[in-house]
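Everything below concerns the one structure shown next.
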Amino acid sequence: MNLSCFLPLLTVILLRITSQVRAVGCFVCDSLNGTNMACADPFDGILDSSNPSNSSYVADCMDGRKDSTGLFPARYCVKMFGTRWSTETSSYVHLFIRRCTLDSLGDQNGYFVWGGHSYKGSILTCDYE
């Protein structure tokens, strides 16, 4: 049996399947020392995903992949929050980041590095927002 006759049919099927792939919706924002209190915890109830005027909610969130070109439908939402001591200001720095990602980062507590600084906090991942 010649498999080349099935190639056009397989192509159509794959195109239909991939055109129906939807990305997860996530809140995308960050806050450093309260610069965006709506992004921090407790999470601001005004940031409601049903409110289309909310600019921090991305319904079909896309993310890049290392060593790849373009953006792909994200599968997870991530919230990272942490605290570090700043020797420059002699005070604590509080960081909140909400993003979408292709890969699950799991739920972790401990230390993470962001922007060249080490923070003590948590990384939380979910497949919905």
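Numerical summary
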quantity: Output for region 13-41, where each listed residue is open to solvent by 80 Å² or more (accessible area, probe 1.4 Å), of a type in the set (S, T, N, Q) and either modelled with pLDDT of 75 or more or in a loop (DSSP other than H, G, I, E, B) (or both); calculated: Gln20, Asn33, Thr35
quantity: Residue list for region 64-118, restricted to those being surrounded by 15 or more Cβ atoms within 10 Å (Cβ to Cβ) and touching a His at 6+ places or on another chain (Cβ under 9 Å); calculated: Phe81, Gly82, Arg84, Val93, Leu95
quantity: Filtered residue count, region 119-129, keeping only those that are open to solvent by 70 Å² or more (accessible area, probe 1.4 Å) and either within 11 Å of the chain's Cα centre (by Cα) or modelled with pLDDT under 95 (or both); calculated: 3
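The values are calculated or read from the model by the stated rules, or taken from the named source; none is laboratory data. Worth saying up front: this structure is predicted, and the values here are computed from it rather than measured. Cβ: placed from backbone, ideal geometry, glycine included. Neighbour counts: every protein chain shown. For accessibility, only protein heavy atoms count, side chains too; no ligands or nucleic acids. Shrake-Rupley method; radii C 1.70, N 1.55, O 1.52, S 1.80 Å.
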